[in-house]
Each structure stands twice: as structure tokens, then as C-alpha cells.
Amino acid sequence: MQDQRDADEATGDGATPEGVAPGGIDGGVLDSRIAEIIAEFSEVFAYARTRWARFAEEVHPELKGVGMIVLQLIVKKGPITATRIAQMLDMDKAMVSRQVAKLRDLDMIDAEPAPEDRRVVLLTPSANAVELLDGLRDRWAHGYHERFRGWTLAELEVMRDGLHRFNATADLSMPDGPAARCVREQGSDPSPD
């Protein structure tokens, strides 16, 4: 019987032993590592929230951190719909709509009906927003360069690859409604990278 289990483990045909996660990692160790990663992400999010709030004030005194996050998403993913923003950020659609209205009032975004379906509104960054954000990018990059000081290129690549793999598994699928079709037809992939 033991010989069969050894053979199954060697060929990968056997079931994972109780308490051991796929890949041979002890379930308790895996749970502990994931809890540690969650704690590290919490610190990253706290740092990012503070920076977003500060940068938002620099872009415009009436802009708040959440508005800055919405603006950045529009810059990166536009043309995009408010519905898609709400899905990607897991935010209430009413909150996104308020942020979009504020960004329009501040001349940070443009909103145009989609040519294929005039009921769908596509959001893009205004020239003003692009100019302001370009000015902040160097400062953002400098802040990250400072935090990564002393890291080797190999360490940076491991982090990049790990984060890319983690982000690629996020369930951010978009229903195939009119907004999704219009965004696709505009040449922008509605799925996150």
C-alpha cells in the first residue's frame, strides 16, 4: 500500500494528503503566509490612500482621494463607462456617479455618448487632467524609487511577476451588455490587463 502511495506521489496521480495544500504546502503554513500577505497589502493600501489624498489636493483642492482613484482609472482604461469603473473598483454605482460628476465639473474628464449606442456614455480624461497627472508622475516615480532603493533587479522582477500573476486571477469579468460592446468597439479591452 505504501509503495502505491509513493508511486502516486511520484506521478502526481494521488490525492493531496489531509492538511496539505496543492503543491505540497502544509495547510497551516499556507494559511499563515496568506494572512501575512494580507497584512502587508493592508499597509500598502493605507500608504496609497494617504498618497492619493495628498495628490488629489494638489490636482485640485476640491478633489478627494476616491476621485483621484477614479480619474487614474479613466486615464489608464478610457474610454470606459461608469458601470465598468464601479465593477473594477467594487464601488457603489451612485458613488462612482458622484465622482464622475465632480470630475466633469473640475474639467478632468470628458463624457461622450458612444457612437454605437447613444445611451452608453464613455469617459475619457480631459487634456487638462492628462497635463496635471503627467506633472505628478515624476514625483510618484521618485517616491517608489526611494522605497525600492537597495532592491536587486531580480527582486524587483519577482515582485512584478508575483503581483501580475495575482492581479491576473482577479474576477473582474464584465457582463456583455451594451456598455461592454461599445467599449470593445472603441478599441479598448474592457477586461483588466
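The values are calculated or read from the model by the stated rules, or taken from the named source; none is laboratory data. Predicted, not measured: the structure shown is a model, and the values here were computed from it. FYI the Cβ positions are ideal-geometry reconstructions off the backbone, even for glycines, and counts take in every protein chain you see. Heads up: the accessible areas ignore ligands, DNA and RNA and are worked out on the full protein's heavy atoms, side chains in. Shrake-Rupley method; radii C 1.70, N 1.55, O 1.52, S 1.80 Å.
Counting only protein heavy atoms and a 1.4 Å probe, the range 44-117 has 51 square angstrom of accessible area per residue.
Summing Lys and Arg as +1 and Asp and Glu as -1 over all other residues whose Cβ lies under 12 Å from the Cβ of R33 gives a net charge of -4.
For the peptides 29-38, 54-63, the ranking by mean Cβ contacts within 10 Å, running from highest to lowest, is 54-63, 29-38.
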